[in-house]
Amino acid sequence: MNTSQSYLKVAVLVSGNGSNLQVLIDKVQSKQLPIHLVGVISNIKEAYAITRAQKAGIPVTVLSHTDSGKRMTMATFQRHALEQLRAWGAELVVLAGFMRILSAEFIEQSPPMINLHPSLLPHYKGLDTHARVIASGDKWHGCSVHIVTPKLDSGQVLTQSVLEVGIHDTPEQLQKRVQVLEHCLLPWTIALIVQGSLPLDGCTVGATLPLPWRLIAV
Ligand code: GRF
């Protein structure tokens, strides 16, 4: 039988509420996701995600850029974050609501990294995705998990989950509906990575199973 020692060591980077982190915690605790959450890094010291991690007994490192009234430079943040990821032995890094842009050097030196993005990439990279989808009158929206590369929100898309935009949806309503999808998509994607079904090296799975894989809610 597998023990947590041999489970994939996963670190999570957060900046906010941490509802996606909570889903991972819950899945691990209920033994539905065979990973070891080795630690959480937050760049915001007030982030509720920190409380969630602490309640679950997961090590937390806060690398706040407002400590001592001074902004931590991105280079300093990344140096500390990389040291911490190495100390934890992280084998996979998950960006779950992490709101800083990472440098190419950091991404190259980090363990493989995936990001959860609230749009159907390659559409709507960047911020305010829900409002932009509504303004464009799109029929479909959703969320994606992709490999992090130096170009923002542009790495290989691994998985997506899709919903139909309601004619009366506001950006806030759409955000809530997409978050429900995210809470299924992220653990599902990590489970696929653990079982070796998704590549983290940017190669596609094969002609018969082109990426992204889609999780369709019924
Ligand atoms: C999610 O909506 C995700 O798509 C985006 O940031 C949000 C994080 O939410 N990248 P939470 O902190 O996990 O609740």
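For the range 1-24, give me each residue that is within 13 Å of the ligand (Cβ to nearest atom) and surrounded by 22 or more Cβ atoms within 10 Å (Cβ to Cβ).
Step one: of the range 1-24, the residues within 13 Å of the ligand (Cβ to nearest atom) are 12-24.
Those that are within 13 Å of the ligand (Cβ to nearest atom) and surrounded by 22 or more Cβ atoms within 10 Å (Cβ to Cβ): V12, L13, V14, G18, N20, L21, L24.
Taking the range 80-102 as the range and being modelled with pLDDT under 95 and exposed (fewer than 15 other Cβ atoms within 10 Å of the Cβ) as the test, the residues that pass are M99, I101. The residues of the range 165-201 that are hydroxyl-bearing (S, T, Y) and loosely packed, with under 14 Cβ neighbours inside 10 Å, listed by number, are T170, S197. Taking the conditions (1) within 16 Å of the ligand (Cβ to nearest atom); (2) surrounded by fewer than 21 Cβ atoms within 10 Å (Cβ to Cβ) in turn, P118 satisfies each one other than (2).
Filtering the range 46-64 down to residues that are away from the ligand (no atom under 14 Å from the Cβ) and surrounded by 16 or more Cβ atoms within 10 Å (Cβ to Cβ), which residue is modelled with the lowest pLDDT? In this case the residue turns out to be L63. Of all the listed residues (K31, K27), the sole one being loosely packed, with under 15 Cβ neighbours inside 10 Å, more than 24 Å from I107 (Cβ to Cβ) and basic (K, R) is K31. Scanning the range 166-193 for residues that are of a type in the set (S, T, N, Q), away from the ligand (no atom under 12 Å from the Cβ) and over 13 Å from the mean Cα position of the chain (by Cα) gives T170, Q173. Residues that are under 24 Å from V180 (Cα atoms) and in contact with a helix residue (DSSP H, G or I) (Cβ under 7 Å, 6 or more places away or on another chain) within the range 134-153 comprise I134, H141, G142, C143, V145, V148, listed in sequence order.
Any chance you could count how many residues in the range 77-136 are small (G, A, S), closer than 21 Å to I190 by Cα and free of Cβ contacts under 8 Å to residues at least 40 places away in the same chain?
Let us first name the residues in the range 77-136 that are small (G, A, S), namely 81, 87, 89-90, 96-97, 103-104, 110, 119, 126, 131, 135-136.
Narrowing further to those that are closer than 21 Å to I190 by Cα: 89-90, 96-97, 110, 119.
Next, from what is left, pick out any that are free of Cβ contacts under 8 Å to residues at least 40 places away in the same chain: 110, 119.
Residues meeting the conditions: 2.
Scanning the range 96-115 for residues that are within 16 Å of the ligand (Cβ to nearest atom) and among the small types (G, A, S) returns A96, G97. Scanning the range 151-178 for residues that are more than 26 Å from P210 (Cβ to Cβ) and hydrophobic (A, V, I, L, M, F, W, C) yields I167, L174. Restricting L127, L186, L152 to residues that are in contact with a strand residue (DSSP E or B) (Cβ under 7 Å, 6 or more places away or on another chain) and not β-branched (V, I, T) narrows the list to L186.
The values are calculated or read from the model by the stated rules, or taken from the named source; none is laboratory data. Everything quoted here is computed from the prediction, not taken from an experiment. All Cβ positions, even for glycine, are placed from backbone atoms using ideal geometry, and neighbour counts span all protein chains on display.
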